[in-house]
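Read through the structure below, which is laid out as structure tokens, and then see the notes.
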Amino acid sequence: MEGALYSLQNQLGLSVHIGATSALALLGRSQYLQLDSNQTYLFGTREETLPKWFATYPWRAAINYQTTGFLPARLGMTDYETNNGIMISISGQIRAIMECLYLAPAEIGYTECYELLESMTSVRPQGVQKLLEACSSVKVNRMFLFLAEKTGHSWVRHLDQSKIELGSGKRSLAKNGVYIPAYQITVPKELAKDE
């Protein structure tokens with residue numbers, strides 16, 4: 001699939017890329033994941049459709065293609081060299097976690113997102129800040145900040161929440177959960193311990 005993605009990115013100029021848990025697995029974070037190796041998450045912008053030859057090809061893993069505009073197309077990406085020496089663009093760690101939160105809770109659990117974020121002890125707060133400021137999903141921003149704060153990582157102290165879009169009003173992100181006043185969100189009970 002990497003060769004086909006290279007073609008989409010470099011010949012057709014599409015931003016279609018491997019994201020969410022699929023990108024984290026490629027970046028060596030699979031020890032924290034309950035991976036579904038039968039599925040690959042791809043992300044692209046709302047205007048981008050997969051070419052018919054790509055969409056209908058019998059890939060080893062099912063393609064879960066998400067078209068969205070909640071993050072700018074090229075922000076938070078990283079280069080990844082495949083086993084064949086092909087360079088493709090995939091989501092970097094923080095963007096991939098934000099994509100996981102975008103898919104949560106329908107595709108990926110919030111607890112899994114927390115465990116992934118908990119493992120990221122040394123990230124650049126400037127890069128995280130840029131992604132959060134550019135993110136148009138209030139749900140993703142609120143949940144990311146809540147989970148990041150819960151991890152207790154030192155880089156979280158350097159984030160400026162006043163520049164991040166958090167919207168207004170309460171959001172229920174889990175049925176029968178616990179309300180977190182600081183972020184006006186209701187989260188799963190297992191994540192609200194010690195709150």
Check: Any idea how many residues of region 178-189 are in contact with a helix residue (DSSP H, G or I) (Cβ under 6 Å, 6 or more places away or on another chain) and either assigned to a loop (DSSP other than H, G, I, E, B) or more than 15 Å from LEU145 (Cα to Cα) (or both)?
Finding: 3
Check: ALA134: touching a Pro at 6+ places or on another chain (Cβ under 9 Å) and within 28 Å of TYR6 (Cα to Cα), yes or no?
Finding: yes
Next item on the list: Report whether or not GLU190 is more than 25 Å from THR40 (Cβ to Cβ), of a type in the set (Asp, Glu) and crowded, with 16+ Cβ neighbours inside 10 Å.
Entry: no
Check: Restricting to region 150-164, what's the tally of residues that are part of a helix (DSSP H, G or I) and either polar (S, T, N, Q) or buried (at least 17 other Cβ atoms within 10 Å of the Cβ) (or both)?
Finding: 7
Next item on the list: Tell me which of these GLU112 doesn't satisfy, since it passes every other one: (1) closer than 24 Å to THR151 by Cα; (2) modelled with pLDDT of 95 or more.
Entry: (2)
Checklist line | Residues located in region 62-79, provided they are out of contact with any Gly (no Cβ under 7 Å at 6 or more places or on another chain) and touching a residue at least 60 places away in the same chain (Cβ under 8 Å) | finding: GLY69, PHE70, LEU71, PRO72
Notebook entry, point to check: Given region 1-109, what strands (runs of 3 or more DSSP E) lie entirely inside it while holding 2 or more residues that are of a type outside the set (Val, Ile, Thr) and either touching a His at 6+ places or on another chain (Cβ under 6 Å) or under 27 Å from PRO188 (Cβ atoms) (or both)?
Noted result: 39-44, 62-67, 87-91
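At pLDDT 95 or above, within 15 Å of GLY19 (Cβ to Cβ), within 13 Å of the chain's Cα centre (by Cα) and surrounded by fewer than 20 Cβ atoms within 10 Å (Cβ to Cβ), is that true of PHE43?
Values: at pLDDT 95 or above: yes; within 15 Å of GLY19 (Cβ to Cβ): yes; within 13 Å of the chain's Cα centre (by Cα): yes; surrounded by fewer than 20 Cβ atoms within 10 Å (Cβ to Cβ): no.
No, not satisfied.
The values are calculated or read from the model by the stated rules, or taken from the named source; none is laboratory data. On a predicted model such as this, the values are computed, not experimentally measured, just so you know. Don't worry about glycine lacking a Cβ; one is built from the backbone with ideal geometry, like all the others, and counts go over all protein chains shown.
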